[in-house]
Structure formats: C-alpha cells, structure tokens
Amino acid sequence: MVILLKQDHYQPNLHTTLGQLGGPPPPRARIQAWATAACPALRRPWFGARDPTGDVPAGGALRQCGAVRPEPRHLPMFPLSTVLFPHSRLPLHVFEPRYRRLVDDVLAGDGRFGVVLIARGPEVGGGDDRTDLGTVATVEAAEALPDGRWLLVARGLERLRVTRWLPDDPYPAAMVETLRSPPTADGPALLAAVAALRQVLALRSELGETPAPALDQAIGDGPDEVGWRLCALAPVNPLDRQRLLETDDPDERLATLGTLVGAVAEDLRRMLSHG
C-alpha cells in the first residue's frame, strides 16, 4: 500500500514505518534525498515549514499540482497509521496497486485526497478500522518510479469529517465535509505551547535523541500555521495526535498539547535523573 516517509513522533526525520512492504523499498537515503529535493521545506529543522519561493524542482515525472477546489465533497482516501495536520507535509511511498490507481486519479484531477488515521487494523490489504475525522491533503510533488510505484509529498490543507464511506472500488473513498475552526489567537496559549514544546525538545536533545530545532513564530504565516505545526512536531503517539486534530477550539487544543508534551517532559527528566 503506502510507506509513510514521515517525521517520527519523537524526531523530525524521514523514515520508513512499515515492516511488511511487499517488496524491497528504495534505499532510505534515496527517498530522503528525493523528498527534500522535491519539497525544499523538508530540509529545515521545522518539518512542514513553507518554502518561501513555493518552488518544486522540475524534471522527469516530478510535477507540482495547481489550484484545487475549495469545498470537496467526494474524496479518494488514504487511511494511514499517522495523523496529518493542516499546514504540515507528509512524504509517502505508494506501492500497493489500488493506491497507485488512487494516485493516478488524484493527479489527473485536482490533486486532493483525504488522510485519516487507522485506529485499529493493518495498512496493507484493507480490513482496517478508520477514524472519521482527518485532513484534506494536496499533492505538492510526485515522482513515478519505473516499476509503477510513486513517491509523493503531500501537504495538509484543512480538517475533514467523513459523512459516508463509499465502497473500496478499488481504493477507499468517502463523502466528506470540511471543518472550520475559530482562528488561533497570537496570545498566551500559543506562547505557552511553544515554551512547552521547546522544553521537551531540549530535554530530548540533552538525552542525545535529536538536535533541538529552533522554535520561533517566524516559521509560519500566522498563528494558525504555528499552532498546527506545534501539533505536528509534538512527541506524542498517534491517538494523542488524533485527539489534537479533533479539538475544535484552538486554545483548548494548545492547552491539551501543553499537557501532553508536559507528561513527556516529566518522563524525560526521570530518564536524565537516572543517568
């Protein structure tokens, strides 16, 4: 099906998350090199920050999708083992035949698809239990490999709610409605969330797990982008990430984020205290 070449819940690196691939994947270095070339923003410590030029290199089958419809109703769907937030990016390696067909159809259309978290069950072969709240994504870059597989970089646009799942024919699809949230205020809740995440990333860096990226609000075009990117970078598990995505009120979402990363920080302090 799909290999997520995404940032780890605990570090902003690209890596493969599936063990059963149905065939050998491209070398990790090859995929990471392609993804960072196709989407320059992935070179930055802040995974998901926007490239100020908006450029995607041309060449081969690499392409950049254009404008998309503002209010999609029918969407092809990628059920995945991760949560995609608005304003964040997700590299993917697509190899399962039905999802290759999905990519073909998406690129022939408006470039949009939906991403939802698999709550239970496998990514490969179907039979999964899917959540109904996810994110509308758009393809920013795509490269067709010689054997028919695809490498993609997708960007989250806005939240969606599935109103009705359609039969898999051959890939998942759904009728969806887009969800709007109140705007995130550039105030105490946002500043507190930045401070909490900065602290937990510094602790992880002290443990030698990953360098602590610089967190400043210049990485986004406004408080909404910053707020969602804090969620994307938080070292929490998929169900907690889904909880953040499902929270409508931005201040409540940021407060929940602070609580979650605060618990991680306490665990890290205990690890440091025991050497």
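Odds and ends about this structure:
- The amide H of A119, built 1.01 Å from its N in the peptide plane, has D129, R130, T131 as neighbours under 5 Å, considering only residues 5 or more places off or on other chains.
- Neighbourhood charge, 15 Å Cβ-Cβ cut-off, centred on L272 and excluding it, Lys, Arg +1 and Asp, Glu -1: -1
- Each of D186, D240 was scored by other Cβ atoms within 10 Å of its Cβ. Arranged with the fewest first, they read D186, D240.
- Column: log10 I(q)/I(0), Debye, Cα scatterers of region 188-273, q = 0.11, 0.16 Å⁻¹: -0.28, -0.58
- Amide hydrogen neighbours beyond the local backbone of F78, cut-off 5 Å, H modeled: G114, V115, V116
- ³J(HN,Hα) computed for each position of region 191-201 - Karplus, 6.51 cos²θ - 1.76 cosθ + 1.60, integer Hz, glycine/proline x: 5, 5, 5, 4, 5, 5, 6, 4, 5, 5, 5
- Taking Lys and Arg as +1 and Asp and Glu as -1, the other residues whose beta-carbon sits under 15 Å from that of E206 total +1.
No value in this document is a laboratory result; all are computed from the given coordinates. Because the structure is a prediction, the values reported are computed rather than measured. Reconstructed Cβ throughout: ideal geometry from the backbone, glycine too, with neighbour counts over all protein chains shown.
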